[in-house]
Amino acid sequence: MANEIHLRTPLKTEDLEKLKVGDKVLLTGKVYTARDAAHKRLVELVEAGKQLPFDIEGAAIYFVGPSPARPGKPIGSAGPTTSYRMDPYSPALLDVGLKAMIGKGPRGPKVIDSMVKNKAVYLASIGGAAVVTAQSVKSCKIIAYEDLGAEAIRELEVEEFPAFVANDTKGNDIFQLGVEKYRR
Amino acid sequence: MKEINVSEIIPVVRKLCIDTNYYASEDVVIKIKEFLEKEVSPTGRDILQLILENHKMAAEELMPMCQDTGVAVVFVELGQDVHLVGGDFYEAINEGVRQGYVDGYLRKSIVEDPVIERKNTRDNTPAIIYTDIVPGDSLKITVAAKGGGAENMSEVKMMKAADGIEGVKDFVVDRIKRSGGNPCPPVVVGVGIGGSFEQCALLAKKSLLRPITEKNPDPVWAAVEEEILERINKLGIGPQGLGGRTTALAVSILQMPCHIASMPVAVNVNCHCHRHESVVIE
């Protein structure tokens, strides 16, 4: 098994620079959820020079639209959505302090370049293992865009949230390296 | 002539929506275990084990296996000797979907206008409904909960007869290669061949309803499926695209006659949750 590394938000550049693709990380602290619709609004705010609904400096964004919570539970099932749909928006957020993105599937070259420039990382969590993943979410509250339903921005408090480093700060990409290793 | 009151259909569809999201089907569990034995990537093995653990936990906690609980695609086989009474049949199906997604704590993932407003309908309706009239006096309803991530990796190609069977194989393998980690591999690959532009896409979706532990009944097509599956699993994509040998669990093909000028081929990709459940009302 790859190294297991504990990370805490807000994330620090020196901690992220130590990460290598394939490392398993356990993330603790506040994480913000956002999918396509919320990303569009966030980037509009950045472009207008307005304040974002959360502090993006050192923040981690999780690309997820959870299912509704049962009574007494903080959240429903909460696995990642496909990340490439956020590619048009991510560089603008990385430029203003976003340090980690969590999702599934590969990112495009512009996002990877932006991660190198901004010393940020992309973490892959496991699509379709959404009940297991939800166990590491301790609390969940909507902080913006309630009208978007499942796509509203939520502030999650997570404890040892499991993910794999898919893109590190050096521009390495597990989706290329992994495939090359096992292609026959 | 047998009468079925459409109000009977509502609780049936409600339960199908919930059950297919909470409980992994047996054929998927068997196939994942089979591929876990053969997987050489440590990360890939980790992920396959996690998926099996997730199946158990979802059933215990009464939670959907995946937060994307899909669009409800409803396949109806209506016996021609059945008379539906008591209201609008399609509205009854939609009411069942509405109740299933609300009462079952499933995610509502449907937007009213696909481009401009994209406002959520808040109850996961409307369902996508296909009806076939068949002999007999029973009513079969199948609900497939189709996730967006895998659906987005699907494609229709109007191929030439000259492309032949090798062209078909290359297209399917290339479609999965280009999908990489996006559709939540290991995937199930549905292929529709023949018919027309729209019919081959529907064939591809229907092909996903065959249990993945079963071979194609036609040995010629069974061999084609096997060859495509082998080629896909040599791509190296692996579970979640992080590298490995388990990229697809199965390939399923349905074909039908087509025009002399045409050879339509559709690939409909499904994620490893591979959710569908049926009930026959007699």
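None of the figures in this text is laboratory data; all of them are computed from the coordinates on show. Computed from a prediction, not measured in an experiment: that's the story for all the values here. All Cβ positions, glycine included, derive from the backbone under ideal geometry; neighbour counts span all protein chains shown.
Structure notes:
- Among the residues of the stretch B:25-47, those identified as among the hydrophobic types (A, V, I, L, M, F, W, C) and within 10 Å of chain A (Cβ to nearest Cβ) are B:Val40, B:Ile47.
For every residue, the table says whether it meets (1) under 13 Å from A:Ala150 (Cβ atoms); (2) hydrophobic (A, V, I, L, M, F, W, C).
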| position | (1), (2) |
| --- | --- |
| B:Pro114 | no, no |
| B:Arg122 | yes, no |
| B:Ala127 | no, yes |
| B:Pro135 | no, no |
| B:Thr142 | no, no |
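- Subset tally (residues that are surrounded by fewer than 20 Cβ atoms within 10 Å (Cβ to Cβ) and within 11 Å of chain B (Cβ to nearest Cβ)) for the stretch A:171-184: 7
- Apart from one condition, B:Arg231 fits all of (1) more than 14 Å from chain A (Cβ to nearest Cβ); (2) among the charged types (D, E, K, R); (3) out of contact with any Ser or Thr (no Cβ under 7 Å at 6 or more places or on another chain); the exception is (1).
- Any hit, the stretch B:166-177, residues being within 14 Å of chain A (Cβ to nearest Cβ), in contact with a strand residue (DSSP E or B) (Cβ under 7 Å, 6 or more places away or on another chain) and touching a residue at least 40 places away in the same chain (Cβ under 8 Å): yes
- Consider the stretch B:234-281 and keep the residues that are aliphatic (A, V, I, L, M) and under 20 Å from B:Glu53 (Cα atoms). The one that is nearest to the other protein chains (Cβ to nearest Cβ) is B:Leu242.
- Considering the stretch B:182-219, the residues that are over 18 Å from the mean Cα position of the chain (by Cα) and closer than 22 Å to B:Lys157 by Cα include one that is nearest to the other protein chains (Cβ to nearest Cβ), namely B:Phe197.
- Within the stretch B:214-233, the set of residues being in a loop (DSSP other than H, G, I, E, B) and surrounded by 14 or more Cβ atoms within 10 Å (Cβ to Cβ) comprises B:Lys215, B:Asn216, B:Asn233.
- Annotation: of all residues in the stretch B:48-73 being without any contact (Cβ under 8 Å) to a residue 24 or more places away in the chain and at the interface with another protein chain (Cβ under 7 Å from one of its Cβ atoms), the one that is farthest from B:Val102 (Cα to Cα) is B:Leu50.
- The lone criterion from (1) of a type in the set (A, V, I, L, M, F, W, C); (2) closer than 17 Å to B:Thr43 by Cβ; (3) in contact (Cβ under 8 Å) with a residue 60 or more places away in the chain left unmet by A:Ala150 is number (2).
- Filter result (at positive phi and either within 21 Å of the chain's Cα centre (by Cα) or surrounded by 15 or more Cβ atoms within 10 Å (Cβ to Cβ) (or both)) within the stretch B:84-135: B:Tyr105, B:Asn124
- Listed by first and then second residue, the pairs linking a residue in the stretch B:1-14 that is within 19 Å of B:Val102 (Cα to Cα) and touching a residue at least 60 places away in the same chain (Cβ under 8 Å) to a residue that is small (Gly, Ala, Ser) and assigned to a strand (DSSP E or B), with Cβ atoms under 9 Å apart and 6 or more places separating them unless they lie on different chains, are B:Val13/B:Ala72.
- Count - residues of the stretch A:47-73 that are under 27 Å from A:Gly128 (Cα atoms) and basic (Lys, Arg): 2
- Residue list for the stretch A:143-170, filter: closer than 23 Å to A:Tyr84 by Cβ, more than 12 Å from every other protein chain (Cβ to nearest Cβ) and more than 16 Å from the chain's Cα centre (by Cα): A:Lys170
- Summed over the stretch A:1-24, residues that are of a type outside the set (Lys, Arg), surrounded by 14 or more Cβ atoms within 10 Å (Cβ to Cβ) and in a loop (DSSP other than H, G, I, E, B) total 8.
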